[in-house]
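So the structure is just underneath, and the comments pick up after that.
The values are calculated or read from the model by the stated rules, or taken from the named source; none is laboratory data. Note that this is a predicted model, so its numbers are computed, not measured. Note: ideal-geometry Cβ built from the backbone for every residue, glycine included; neighbour counts use all protein chains shown.
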Amino acid sequence: MAERPDSKHWTTLDRDLGRISQMELATAYVSRPLIAPGIALAFMVIAGLGAAIFLGQSSGSMIVVAAAVFGAYMAINIGANDVANNMGPAVGANALSMGGAIAIAAVFESAGALLAGGDVVSTISKGIIDPSGMSEVRVFIWAMMAALISAALWVNLATKVGAPVSTTHSVVGGVMGAGIAAAGFAAVNWPTMGKIAASWVISPVLGGVIAAAFLALIKYKIIYQEDKIAAARKWVPILVGIMATAFAAYLALKGLKRIVKIDITTALAIGVAIGLVTYLITKPLIHKQSEGLENRNKSLKVLFGIPLIFSAALLSFAHGANDVANAVGPLAAIVHATEAGDFASKVAIPSWVMIIGAFGISFGLFLFGPKLIRMVGSQITKLNPMRAYCVALSAAITVIVASWLGLPVSSTHIAVGGVFGVGFFREWHMERRRRRNAPSVAEKPFIAKEERRHRKLVRRSHFMTIIAAWVITVPAAALMSAMIFFFLNNVVG
């Protein structure tokens with residue numbers, strides 16, 4: 001039978017439509033990586049337009065508009081990098097899904113920034129440079145702009161290579177570099193810089209030691225007990241009470257500043273009272289939740305799941321209250337200098353600046369955060385709810401101890417140090433048990449060095465990458481800031 005004339009026409013049309021469909025799929029695949037940067041760019045433009053509308057045609061408004069754009073860029077990078085430290089352990093322990101972690105972090109980071117982070121802060125990053133050393137307001141504005149841009153660029157680069165770094169230290173490095181370029185080495189408060197440098201070591205080590213200590217407590221008091229459920233009923237409420245004490249003390253110090261001045265002793269008293277109430281509430285709840293559970297380790301993970309979620313949320317609130325203000329500090333300094341015509345070491349952060357910071361963090365977390373969340377949560381060492389809870393608990397306690405000692409610490413260094421502490425403790429504990437249970441030296445089989453290396457529970461490549469990023473954060477941000485300042489001051493200004 002002869003083929004109908006229109007049959008070839010439809011065959012050709014189907015083939016052409018198939019090619020078009022393949023082209024559309026290929027275009028979508030290629031353009032997918034551009035969606036997140038496009039949304040981020042749109043937010044930065046909106047931040048600039050909002051600043052322009054808010055300031056109107058006042059003198060220097062264009063400088064503030066540019067600063068608002070870079071402030072939004074900085075906030076996006078905080079969300080992409082810093083927030084992973086709070087949510088990574090909970091996601092790695094499978095207590096939270098990636099979507100749930102992002103939603104909780106976005107809400108609590110924003111709440112912390114807007115409710116407890118808008119107090120009067122040192123925009124010169126805790127006295128890093130003396131603004132009186134600047135020759136004029138224009139030089140000060142360019143110095144703060146350079147600090148903002150360099151800090152944002154450095155955090156962006158660190159996120160790209162998968163290294164969680166401190167945004168506060170990035171801002172400190174940016175301010176120091178711009179200050180040296182603008183007013184010389186004498187403008188830098190070197191004793192304060194020494195304290196910050198000491199915190200690079202103290203923060204992660206203290207966080208790691210505390211996390212390891214709590215993991216040891218959980219192992220010996222709960223996991224290795226004959227009746228694990230009975231032990232958990234006794235100790236889990238105590239651990240939750242300790243967590244509530246630490247968080248309540250920290251948030252009392254930070255969140256109530258604008259209402260009443262609270263010293264560390266009063267904050268600890270408030271924390272102990274809230275911790276005791278939390279213990280009394282938690283004890284019957286844990287007892288009820290544990291009914292019917294089997295006497296094995298898998299059951300213990302269930303009991304730590306909900307406290308871990310609460311700890312992650314509180315960590316996000318505390319981070320929003322503390323770090324966002326530091327990050328948008330240079331933007332607030334530029335706004336004040338432009339409006340008042342002078343500069344001060346401390347200024348009040350305007351509400352619209354905090355809004356840029358809060359929303360920018362949420363966008364950055366949603367668009368770029370999953371990469372670092374996965375890295376912190378599962379790629380450094382394997383976490384379960386008990387280990388992840390130790391990391392969160394150690395972060396809260398370390399911040400309180402550092403506040404008491406007057407040390408400037410980084411929440412990033414503390415949280416990641418806690419993850420390392422848990423991992424290295426597990427390595428040490430596993431090796432100790434292996435030696436204890438091994439046969440005599442004469443009977444012990446030879447274990448190749450390569451095989452022993454593969455048994456390590458902390459990935460050394462990530463460890464070295466993160467440590468290197470921490471060490472070079474301040475000098476790298478300072479060098480970039482100095483170069484950007486010279487460009488702004490000599491070419492633009």
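Considering only residues that are out of contact with any helix residue (DSSP H, G or I) (no Cβ under 6 Å at 6 or more places or on another chain) and more than 26 Å from Ala232 (Cα to Cα), which ones fall in the stretch 258-292?
Those that are out of contact with any helix residue (DSSP H, G or I) (no Cβ under 6 Å at 6 or more places or on another chain) and more than 26 Å from Ala232 (Cα to Cα): Arg258, Ile259, Val260, Lys261, Asp263, Thr265, Thr266, Ala269.
What is the one condition in (1) part of a helix (DSSP H, G or I); (2) closer than 22 Å to Ile262 by Cβ that Trp428 does not satisfy?
Only one criterion is unmet by Trp428, namely (2).
Tell me the residue from Ile210, Ile202 that is more than 21 Å from Val471 (Cβ to Cβ) and either surrounded by 24 or more Cβ atoms within 10 Å (Cβ to Cβ) or modelled with pLDDT of 80 or more (or both), please.
The match here is Ile210.
Read through the list (1) buried (at least 20 other Cβ atoms within 10 Å of the Cβ); (2) within 30 Å of Ile141 (Cα to Cα), then give the number of the only condition that Ala197 fails.
(1)
Please state which one of Ala230, Ala246, Ala312 is of a type in the set (Gly, Ala, Ser) and in contact with a Gly (Cβ under 8 Å, 6 or more places away or on another chain).
Going through Ala230, Ala246, Ala312 in turn, the sole match is Ala246.
Does Ala344 satisfy the condition of being small (Gly, Ala, Ser), modelled with pLDDT under 85 and not in a helix (DSSP H, G or I)?
yes
Any residue in the stretch 131-155 that is under 21 Å from Asp82 (Cβ atoms) sitting within a Cβ distance under 9 Å of a residue that is modelled with pLDDT under 90 and of a type in the set (Asp, Glu)? List the pairs, counting only those 6 or more apart or interchain.
Partner pairs satisfying both residue conditions: Val155/Asp82.
Looking at this structure, is Ser170 closer than 17 Å to Asp82 by Cβ, in contact with a Leu (Cβ under 8 Å, 6 or more places away or on another chain) and assigned to a helix (DSSP H, G or I)?
no
Can you run down the residue pairs with Cβ atoms below 6 Å, 6 or more apart or on separate chains, where the first is in the stretch 285-300 and surrounded by fewer than 16 Cβ atoms within 10 Å (Cβ to Cβ) and the partner is at pLDDT below 85 and in a helix (DSSP H, G or I)?
Leu293/Ser299
Considering only the stretch 145-154, I want to know if a residue exists there that is out of contact with any helix residue (DSSP H, G or I) (no Cβ under 7 Å at 6 or more places or on another chain) and either part of a helix (DSSP H, G or I) or under 22 Å from Ala75 (Cβ atoms) (or both).
no
So is Ala72 at pLDDT 85 or above, of a type outside the set (S, T, N, Q), buried (at least 22 other Cβ atoms within 10 Å of the Cβ) and in a helix (DSSP H, G or I) or not?
yes
Name every residue in the stretch 201-242 that is outside any loop (DSSP other than H, G, I, E, B) and polar (S, T, N, Q), in order of residue number.
Within the stretch 201-242, Ser203 is the sole residue that qualifies.
Being crowded, with 21+ Cβ neighbours inside 10 Å, at pLDDT 90 or above and under 26 Å from Val401 (Cα atoms) narrows it down to one residue among Ile242, Ile218; which is it?
Sole residue among the options that is crowded, with 21+ Cβ neighbours inside 10 Å, at pLDDT 90 or above and under 26 Å from Val401 (Cα atoms): Ile218.
Mind counting the residues in the stretch 299-316 that are among the polar types (S, T, N, Q) and within 16 Å of the chain's Cα centre (by Cα)?
Residues meeting the conditions: 2.
Give the residue that is surrounded by the most Cβ atoms within 10 Å (Cβ to Cβ), with candidates limited to residues of the stretch 399-422 that are among the β-branched types (Val, Ile, Thr), part of a helix (DSSP H, G or I) and at pLDDT below 85.
Residue satisfying both the conditions and the ranking: Thr412.
When both residues are 6+ apart or on different chains and their Cβ atoms are under 7 Å apart, which pairs have a first residue that lies in the stretch 264-281 and is at negative phi, and a second that is among the polar types (S, T, N, Q)?
Short answer, once both residue conditions are applied: Ile264/Ser403; Gly271/Thr245; Val272/Thr245; Ile274/Thr245; Gly275/Thr245.
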